[in-house]
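Asks: There's a structure below that I have some questions on.
The values are calculated or read from the model by the stated rules, or taken from the named source; none is laboratory data. If you're wondering where the values come from, they're calculated on a predicted model, not measured in any experiment. With ideal geometry, Cβ positions are generated from the backbone for all residues, glycine too; neighbour counts draw on all protein chains shown. What goes into the accessible areas is simple: the full protein's heavy atoms, side chains included, and nothing from ligands, DNA or RNA. Shrake-Rupley method; radii C 1.70, N 1.55, O 1.52, S 1.80 Å.
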Amino acid sequence: MTASPVSSYPPRRRPLSLALALVFAGLPSAWAQSEATSPESKVLAPVIVSDTREQAAPPTTTLGPQELAPLRAATADTASLLRKVPGVTLYGAGGASSLPAIRGLADERLRLQVDGMDLLSACPNHMNPAFSYLAPSQVETIQVWTGVTPVSVGGDAIGGAIVVETPKPRFAAPGQGTLVTGEAGTYYRSNGDGFGVHGAATIAGEQVSVRYLGAYAKANNYSAGGNFKNFTATGRLGHTLARDEVGSTSYELSNHLVGFALKNGAHLVDASVAIQNVADQLYPNQRMDMLDNDSTLFNLRYLGQFDWGSLDGRVYHQSVDHFMDFGKDKRYWYSQRSMIPNNATDGRPCSPIDGTCAAGMPMNTESRTTGAKLTANIALGERDVLRVGGEYQHYTLDDWWPPSGGGMWPGTFWNIKNGERDRAGLFGEWETKLNDRWMALAGVRYEHVTTDADPVHGYGNMMGNQMRDAAAFNARDRKRTDDNLDFTALTRYTLDETREFELGFARKVRSPSLYERYPWSTWAMAAVMNNFVGDGNGYVGNPDLEPEKAYTLSGTIDWHSADRQWGLRFSPYLSYVDDYIDAVQWDATKNAPATSLARNQFVVLRYENQSARLYGFDLSGKMPLARTGLGAFGFEGVLSYTNGENRDTGDDLYNIVPWRATLTLTHQLAGWSNALDWELVSSKDDVSDARNEIKTPGYGLVHLRASHAWKDVRVDLGVENLFDKLYYLPTGGAYVGQGRTMSINGVPWGIAVPGMGRSIYAAINVKF
């Protein structure tokens with residue numbers, strides 16, 4: 001990572017004393033109580049300390065080891081494990097960093113947790129979202145709430161929730177001695193020559209457990225199913241890309257986690273440290289590329305079971321050092337002559353580095369996140385559970401761009417300086433089983449959120465009104481305080497063993513992020529570096545943004561056989577969002593007529609509070625088809641529809657896929673488990689006019705997969721996009737993966753990022 005003088009950004013070190021005290025206030029007495037328990041309480045291994053009562057609002061979908069195993073085989077992207085979950089889509093990004101969306105709401109509008117931690121992106125392009133810090137092989141379970149999310153799951157979000165968990169610590173059974181287990185695996189994908197390796201190991205006694213999880217992944221650019229562009233130039237001298245090669249889609253990264261756990265009766269202390277290094281990850285829908293990302297993450301948890309219920313406490317800390325510049329497929333050298341399209345000197349090195357010659361555009365981000373949580377599950381009787389808890393999170397961010405010449409000269413550009421976001425919350429939630437048929441849940445959550453940032457300055461030249469914009473930003477009060485109130489209510493009625501009905505309502509509130517409030521420059525070159533939706537446009541922050549407030553009504557009709565061998569689940573929903581953070585072209589009036597907007601080009605936008613409405617449904621089902629001498633055949637299907645509209649302007653919301661379906665024919669014979677997937681997506685014709693969003697045609701893809709599992713060995717084989725079809729990702733954004741990306745319209749507008757062409761993959765996993 002490019003370093004800067006220590007004096008260029010303010011040092012901050014916040015002690016963890018308060019957080020540690022919060023979690024461990026009751027630990028000594030809990031440990032003493034566990035010593036006094038009967039010997040019989042110590043014969044269960046591993047100890048799982050949790051509330052085992054049935055919840056009125058369980059996850060809509062839970063993916064465990066059995067469901068995840070075939071999905072891990074050929075991907076380095078943990079978020080892509082969700083691709084078949086009803087209601088979930090993926091915003092395209094880097095090869096290991098896609099952003100999940102639930103029912104039209106994405107990224108920080110969702111509650112995304114990794115091992116109970118709320119991790120925030122530390123990048124103006126959100127290249128390092130929460131799930132990018134885990135390899136797929138490190139994931140043991142995923143829980144998804146697509147409808148009404150209980151307040152106990154989290155706050156500061158207006159959409160659903162996704163909770164990802166790594167493997168729990170394992171302990172030896174009494175008398176077993178030392179437990180030693182592990183596994184190792186590898187995979188290869190033909191398109192892009194993608195490959196990865198992973199390993200895991202545990203050494204444990206009856207009360208002490210040490211574990212390791214590691215993974216490495218690397219891939220080159222992938223190829224689409226046909227030519228999707230009419231140019232080959234990248235802006236690099238002597239470097240071109242084939243017309244079917246999707247530029248800036250390569251990556252190389254590694255993840256490591258070491259955990260140490262202590263168990264005593266019904267009490268567990270688990271400490272872990274996770275380290276990630278991204279050597280590079282390039283982005284086809286962003287102007288910049290991630291050329292280094294170093295993260296160190298500490299997580300300490302206490303989990304205990306008592307006569308009155310359970311206690312779950314956690315403290316965590318993450319430090320991220322992030323560096324961006326132009327990757328191998330984007331122009332690096334910029335001079336006055338090379339800014340002329342098709343000039344013979346395009347991309348040639350220039351010298352000296354000064355106001356007329358630029359060597360790339362280095363961008364640095366440093367963040368520190370410290371959090372603490374404490375949750376108590378209190379049994380009030382046979383039918384009632386009370387959940388109460390609180391959490392605190394302190395997030396700091398510095399985002400600065402050292403001078404590199406040309407317009408980026410002669411000083412350092414501060415995009416966000418000494419940014420802070422503090423969040424403190426309290427919640428209470430009551431769950432009751434009214435009788436054998438009726439269950440209900442109600443909860444309230446209060447959150448206090450403050451954000452602030454220091455004065456800034458640009459590169460120090462007159463280009464792009466940097467001085468004017470910085471002066472206006474610095475002259476105003478930048479501190480904002482939000483008091484947010486969430487509440488949820490949900491009830492479920494079980495008619496009989498085959499039919500269930502669920503209805504829920506929620507008010508959810510989310511405060512704006514630092515990257516929504518504080519980027520300040522309207523200069524197109526600086527604005528396009530602030531974009532986390534991948535549409536190719538530039539964005540300017542707005543310190544006056546109000547928190548988003550969503551009112552959601554969601555229902556479910558679940559019809560299934562008594563043994564769950566077949567079932568049909570229908571879930572409609574409706575959401576109104578007040579103060580929805582949308583975008584307007586910054587030099588246009590808020591309610592400008594469509595004719596006044598710049599069309600068919602990339603533009604600069606400013607975040608504004610407006611209002612939105614989303615509605616749709618998810619339909620999923622499965623059924624057995626036949627059991628013959630050739631094996632057991634079955635069918636699974638998912639159909640989803642979403643409609644989103646800006647109620648102030650009548651414009652369509654960004655990145656909404658109206659119709660999509662996956663139909664799967666399954667087959668099982670002996671140890672073989674096989675499937676044929678037919679993926680169907682309708683054309684995206686209703687697009688955001690303010691953003692000049694690109695329309696995409698509908699498509700249908702066929703995928704094949706097969707696996708065989710022995711006692712300790714698993715083999716996976718498959719073909720993605722069997723017929724090598726050319727298609728465009730409806731939520732993949734605009735293609736800016738090669739060329740003169742620093743200039744807002746120096747790359748062609750109107751090309752959506754295409755999906756991957758045919759890819760054959762194989763994977764093997766061995767346990768010991």
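Asks: Accessible area, 1.4 Å probe, largest first: how do Val258, Val509 sort? All intermediate terms of the calculation are to be shown ahead of the outcome.
Replies: Values: Val258 70, Val509 5 Å².
Solvent-accessible surface, decreasing: Val258, Val509.
Asks: Under unit Cβ charges (Lys, Arg +1; Asp, Glu -1), what dipole magnitude, rounded to 20 debye, does the range 427-523 have relative to its Cα centre?
Replies: Working: 14 positive and 16 negative charges, 85 e Å.
Magnitude of the dipole: close to 400 debye.
Asks: Further question on the same structure: Take every DSSP beta bridge with both residues inside the chain and express the antiparallel ones as a percent of the total, to the nearest 5.
Replies: Values: 299 of 307 bridges.
In the chain, DSSP labels about 95 percent of beta bridges as antiparallel.
Asks: Within the range 608-649, list the residues whose amide N lies under 20 Å from a label point set 7 Å along Cα→Cβ of Ala69.
Replies: Once the point is set 7 Å along Cα→Cβ of Ala69, 631-636 turn out to lie under 20 Å by backbone N, inside the range 608-649.
Asks: Separate question: In the range 240-290, which trypsin sites (Lys or Arg not before Pro) fall in coil by DSSP and have 15 or fewer other Cβ atoms within 10 Å?
Replies: Values: sites: Arg243, Lys263, Arg287; in loops: Arg243, Arg287.
When the trypsin sites (Lys or Arg not before Pro) of the range 240-290 are filtered for loop state and at most 15 Cβ neighbours within 10 Å, Arg243 remain.
Asks: Over all directions, what mean area does the Cα convex hull of the chain project, stated in square nanometres? Could you put the intermediate results ahead of the total?
Replies: Details: hull surface 128.4 nm².
Result: 32.1 nm².
Asks: Take the Cβ-Cβ distance between Trp438 and Tyr551 as r, set R0 to 25 Å, and report the resulting FRET efficiency rounded to the nearest 0.05.
Replies: Details: r = 24 Å, r/R0 = 0.97.
With R0 = 25 Å, the Cβ-Cβ based efficiency is 0.55.
Asks: Here's something else I'd like to know. So with the 1.4 Å probe, I'd like the accessible area per residue for the range 258-412, rounded to whole Å². List each step's numbers first, then the result.
Replies: Working: 5100 Å² over 155 residues.
Computed with neighbouring chains in place, this is 33 Å² per residue.
Asks: Please report how far the C-alpha centroid of the range 64-106 lies from that of the range 655-733, rounded to the nearest whole angstrom.
Replies: 11
Asks: Rounded to the nearest 10 Å², what accessible area does Tyr332 show when all protein chains are kept and the probe is 1.4 Å?
Replies: Probe radius 1.4 Å; accessible area of Tyr332 about 70 Å².
Asks: Might you tell me the accessible area per residue for the range 646-740, computed with a 1.4 Å probe and given in Å²? Could the numbers behind the result be given before it?
Replies: Details: 4060 Å² over 95 residues.
In whole numbers, the range 646-740 has 43 Å² accessible per residue.
Asks: I would also like to ask the following. Calculate log10 I(q)/I(0) of the range 266-388 for q = 0.10, 0.21 Å⁻¹, where I(q) comes from the Debye formula with a single equal point scatterer on each Cα and nothing for solvent.
Replies: Values returned for q = 0.10, 0.21 Å⁻¹ are -0.57, -1.12.
Asks: Can you bin every Cα-Cα distance in the range 164-292 into 10 Å intervals starting at zero and give me the percent of pairs per bin, rounded to whole numbers?
Replies: Cα pair-distance distribution for the range 164-292, in percent: 11, 29, 23, 16, 12, 7, 2.
Asks: Over the range 392-542, what is the relative contact order in percent, taking alpha-carbon pairs closer than 8 angstrom and at least six residues apart? Write down the numbers at each step before the final one.
Replies: Details: 324 pairs, mean separation 29.7, N = 151.
Averaging sequence separation for qualifying contacts and normalising by length gives 20 percent for the range 392-542.
Asks: At most 13 other Cβ atoms within 10 Å and a DSSP loop assignment: could you name the chymotrypsin sites (Phe, Trp or Tyr not before Pro) in the range 654-712 that fit? Show your work: numbers first, answer last.
Replies: Details: sites: Tyr654, Trp659, Trp672, Trp678, Tyr699, Trp710; in loops: Tyr654, Trp710.
Those that pass, being in a loop and sparsely packed, are Trp710.
Asks: Given the options Ser223, Thr181, Phe326, identify the residue whose Cα lies farthest towards the positive end of the charge dipole of the chain (+1 on Cβ of Lys, Arg; -1 on Cβ of Asp, Glu).
Replies: It is Ser223, whose Cα lies furthest towards the positive end.
Asks: Okay, next question. In the full protein assembly as shown, how much of Asp156 is accessible to a 1.4 Å probe, in Å² to the nearest 10?
Replies: Asp156 has an accessible surface of roughly 10 Å² with all protein chains in place.
Asks: Let me ask you something else. How long is the gain from Thr450 to Asn230 if the chain were fully straight, where each residue apart is worth 0.36 nm and the alpha carbon distance is subtracted?
Replies: Values: separation 220, 0.36 × 220 = 79.20 nm, distance 4.85 nm.
Taking Thr450 through Asn230 to full extension adds about 74.4 nm, to one decimal.
Asks: Separate question: Could you work out the relative contact order of the range 277-380? I mean the mean sequence separation of Cα pairs under 8 Å and 6+ apart, divided by the number of residues, in percent. Don't skip to the answer; put the middle values down first.
Replies: Values: 203 pairs, mean separation 30.0, N = 104.
Answer for the range 277-380 is 29 percent.
Asks: Something else: Report the relative contact order of the chain, percent, no decimals, based on alpha-carbon pairs under 8 angstrom and at least 6 residues apart. Please list the in-between numbers first.
Replies: On the way: 2248 pairs, mean separation 94.6, N = 768.
For the chain, the relative contact order is 12 percent.
Asks: Could you work out how much longer the chain between Met467 and Leu630 gets when fully extended? Use 0.36 nm per residue separation minus the Cα distance between them, nm to one decimal. Present the calculation step by step, with values, prior to reporting the outcome.
Replies: Numbers: separation 163, 0.36 × 163 = 58.68 nm, distance 7.37 nm.
Length difference between fully extended and current span is 51.3 nm.
Asks: What is the distance, in nm, between label points placed 7 Å from the Cα along the Cα-to-Cβ direction at Gln176 and at Asp354?
Replies: Modelled inter-label distance: 7.1 nm.
Asks: In the range 601-636, whose amide N lies under 20 Å from the spot 7 Å out along Cα-to-Cβ of Trp559? List them in ranges.
Replies: Of the residues in the range 601-636, 617-625, 635-636 have backbone N under 20 Å from the label point off Trp559.
Asks: Contour minus end-to-end for Asp294 and Glu140, with contour as 0.36 nm per residue of separation and end-to-end as the Cα-Cα distance? All intermediate terms of the calculation are to be shown ahead of the outcome.
Replies: Details: separation 154, 0.36 × 154 = 55.44 nm, distance 2.36 nm.
So the chain would gain 53.1 nm between Asp294 and Glu140.
Asks: Quick one: Cα centre-to-centre distance for the range 478-492 and the range 136-209, in angstrom?
Replies: For the range 478-492 versus the range 136-209, the Cα centre distance is 30 Å.
Asks: A follow-up question, please. Which value, in debye to the nearest 20, gives the size of the charge dipole of the range 654-762 about its Cα centre, when Lys and Arg are +1 and Asp and Glu are -1 at the Cβ? List each step's numbers first, then the result.
Replies: Details: 10 positive and 10 negative charges, 34 e Å.
Once rounded to the nearest 20, the dipole reads 160 debye.
Asks: Using unit Cβ charges (K, R positive; D, E negative) and no other charged atoms, how large, in debye to the nearest 20, is the dipole of the range 394-443 about its Cα centre?
Replies: Values: 5 positive and 7 negative charges, 17 e Å.
Magnitude of the dipole: close to 80 debye.
Asks: Using heavy-atom solvent-accessible surface (probe 1.4 Å) with all chains present, what is the largest-first order of His267, His448, His708? Walk me through the numbers on the way to the answer.
Replies: Numbers: His267 5, His448 65, His708 25 Å².
I get His448, His708, His267, largest accessible area first.
Asks: Would you please name the chymotrypsin sites (Phe, Trp or Tyr not before Pro) within the range 278-331 that are DSSP coil residues with at most 14 other C-beta atoms within 10 Å of their C-beta? Please report the intermediate quantities before stating the final value.
Replies: Details: sites: Phe298, Tyr302, Phe306, Trp308, Tyr316, Phe323, Phe326; in loops: Trp308, Phe326.
The qualifying sites are Trp308.
Asks: Still on this structure: What's the ranking of 599-606, 356-363 by average number of surrounding C-beta atoms within 10 Å, highest first? Can you show the working numbers first?
Replies: Values: 599-606: 18.6, 356-363: 21.2.
Order by mean packing, descending: 356-363, 599-606.
Asks: Which Cys in the chain stand alone, with every other cysteine's Cβ at 4.7 Å or more from theirs?
Replies: Cys123
Asks: As an exercise, find the ratio Rg/Rh for the range 619-746 from alpha-carbon atoms, using the Kirkwood inverse-distance average for Rh.
Replies: Values: Rg = 20.1 Å, Rh = 17.8 Å.
Here Rg/Rh amounts to 1.12.
Asks: Projected onto the charge dipole of the range 394-458 (+1 at Lys/Arg Cβ, -1 at Asp/Glu Cβ, origin at the Cα centre), which of Pro410, Leu434, His457 gives the Cα projection farthest towards the positive end?
Replies: Leu434
Asks: When the accessible area of the chain is computed with all protein chains present and a 1.4 Å probe, what percentage of it is carbon and sulfur? Display every interim value, and only then the final one.
Replies: Values: 17540 of 29720 Å².
Ligands and nucleic acids excluded, carbon and sulfur reach 59 percent.
Asks: Then there is this: In the full protein assembly as shown, how much of His317 is accessible to a 1.4 Å probe, in Å² to the nearest 10?
Replies: For His317, solvent-accessible area is about 50 Å².
Asks: Moving on. Leaving ligands and nucleic acids out of the surface, order Lys330, Lys218 by accessible area at 1.4 Å, largest first.
Replies: On the way: Lys330 0, Lys218 65 Å².
The ordering from most to least exposed comes out as Lys218, Lys330.
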